[in-house]
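To keep things clear, I will list the structure first and then write my remarks on it.
The values are calculated or read from the model by the stated rules, or taken from the named source; none is laboratory data. Please read all numbers here as calculations on a predicted model, not as lab measurements. Neighbour counts run over all protein chains shown; Cβ positions are idealised from the backbone, glycine included. All accessible areas refer to the heavy atoms of the entire protein, side chains included, with ligands and DNA or RNA removed. Shrake-Rupley method; radii C 1.70, N 1.55, O 1.52, S 1.80 Å.
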Amino acid sequence: MSGKNVTDMVLADAAGIARAARILESGGLVAVPTETVYGLAARADSAEAAAKIYAAKGRPDFNPLIVHVRDAEQAARYGSFSPEAAALAQQYWPGPLTLVVPRRADAGLADAVTAGLPTVALRAPAHPVMSALLEQVDFPLAAPSANRSGFISPTCAAHVLASLDGRIDLVLDGGPTTAGVESTILAVRADGSIDELRPGPLQIGHRTAGGETGARLEARIQAPGQLASHYAPGKPVRLEATSAEPDEFWIGFGAVQGDCTLSASGDVNEAAARLYACLHEAARAPQPRIAIAQVPDNGVGRAINDRLRRAATPPA
Ligand code: AMP
Ligand code: MG
């Protein structure tokens, strides 16, 4: 923060993006729309700027950040791309795919960004505002979701202010995001094998050799992040509910109509786009508890159910 305790929110037009670029150059924090959720961006080559992300979010310092780049060419300055990793970048970037690859020794990234790991998580996002911003600056942007650590991710500018007002310099308002859940994360190992670390909007269908699922893999992974309790609305959450009690805010899906409905037509993509808005509404609602209808586990439904399981896990 530059000595003030109110966060400005501006339209993500050319003037807004130029102002954001200046703030980022001087080491400040800007919330920026991407196609997944709003990210809290800072220059990834500055230890001071990266430290501000952890401080504003209250994020544990062992949880590394995703580094956002314009394209695969810029990404190759920070990570080593095996042929398998390069092929994934070629096919899915720009888009909601994060690739975890070995960090280059000469990457010049702040150590805090990778939380001291020998790997780096890289993504070239597809949102026009984030892309325009990345074109205007000559450094990559570290950007986790723009919310206090452990709480519900933001899919519109108002969600960002709900948890970070006064803690960051600027919010670029680019309207609601479209994909609605965080990027798919794949780790590309030195032997060419690919592990899914987090399900997301893209169903790439990779599994470890033994056919291990993402959920079981996470339990085994010693890498930081992917915490059991996350996306938490601050009240108890009951999953796969077929009806709601009077003291429960009811989130429905398909034929099951709730106080808020993820998708009346039963479309998992629409449900993903509306997931965090419904959780924000549930968090604000007078009911002390939340009940959520079952969401099918196909397509992006896997990512929705991953987030809902974490939302239902009480903080440690
Ligand atoms: P967020 O930015 O909050 O959406 O979370 C970023 C996710 O990326 C976290 O779950 C991190 O654990 C994961 N991540 C970032 N860098 C790495 C890395 N080098 N290795 C494994 N996971 C990573
Ligand atoms: Mg997050």
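Among the strands (runs of 3 or more DSSP E) lying completely within segment 4-102, list those that include at least 2 residues that are small (Gly, Ala, Ser). Let's see the steps before the verdict.
Values: elements: 8-11, 30-32, 39-43, 66-68, 97-102.
The qualifying strands (runs of 3 or more DSSP E) are 39-43.
Quick one: in segment 146-183, of everything that is β-branched (Val, Ile, Thr) and out of contact with any Ser or Thr (no Cβ under 7 Å at 6 or more places or on another chain), which residue is farthest from ALA15 (Cα to Cα)? Let's see the steps before the verdict.
Keep residues of segment 146-183 that are β-branched (Val, Ile, Thr), which gives 152, 155, 160, 168, 171, 177-178, 181.
The next check asks that each one be out of contact with any Ser or Thr (no Cβ under 7 Å at 6 or more places or on another chain); those that pass are 152, 160, 178.
Working: ILE152: 29, VAL160: 20, THR178: 23 Å.
Going through the qualifying residues, I end up with ILE152.
Do you know which of the residues in segment 152-194 that are among the charged types (D, E, K, R) and in contact (Cβ under 8 Å) with a residue 60 or more places away in the chain is nearest to ligand 2 (Cβ to nearest atom)?
First, pick out the residues of segment 152-194 that are among the charged types (D, E, K, R): 165, 167, 169, 173, 182, 189, 191.
Imposing the further condition that a residue be in contact (Cβ under 8 Å) with a residue 60 or more places away in the chain reduces the set to 165, 167, 169, 173, 182.
Numbers: ASP165: 18, ARG167: 15, ASP169: 19, ASP173: 19, GLU182: 6 Å.
This residue is GLU182.
Just to be sure before I move on: is ASP61 acidic (Asp, Glu) and touching a Leu at 6+ places or on another chain (Cβ under 7 Å) in the structure I sent? Break it down into steps so the answer makes sense when it comes.
Details: acidic (Asp, Glu): yes; touching a Leu at 6+ places or on another chain (Cβ under 7 Å): no.
So ASP61 fails the test.
Any chance you could count how many residues in segment 135-173 are surrounded by fewer than 24 Cβ atoms within 10 Å (Cβ to Cβ) and over 14 Å from the mean Cα position of the chain (by Cα)?
So the count comes out to 17.
Which residues, taken from segment 135-146, are within 16 Å of ligand 1 (Cβ to nearest atom) and either under 12 Å from THR98 (Cβ atoms) or among the hydrophobic types (A, V, I, L, M, F, W, C) (or both)? Steps first, answer last, please.
Start the filter on segment 135-146 by keeping residues that are within 16 Å of ligand 1 (Cβ to nearest atom), which leaves 140-146.
Hits for segment 135-146 are LEU141, ALA142, ALA143, PRO144, ALA146.
Please give the number of the condition VAL256 fails out of (1) modelled with pLDDT of 95 or more; (2) of a type in the set (A, V, I, L, M); (3) over 30 Å from ASP195 (Cα atoms).
The one condition VAL256 does not meet is (1).
Name the residues in segment 287-316 that are touching an Asp or Glu at 6+ places or on another chain (Cβ under 9 Å), over 16 Å from GLY180 (Cβ atoms), open to solvent by 10 Å² or more (accessible area, probe 1.4 Å) and not in a strand (DSSP E or B), would you?
Result: GLN287, PRO288, GLN294.
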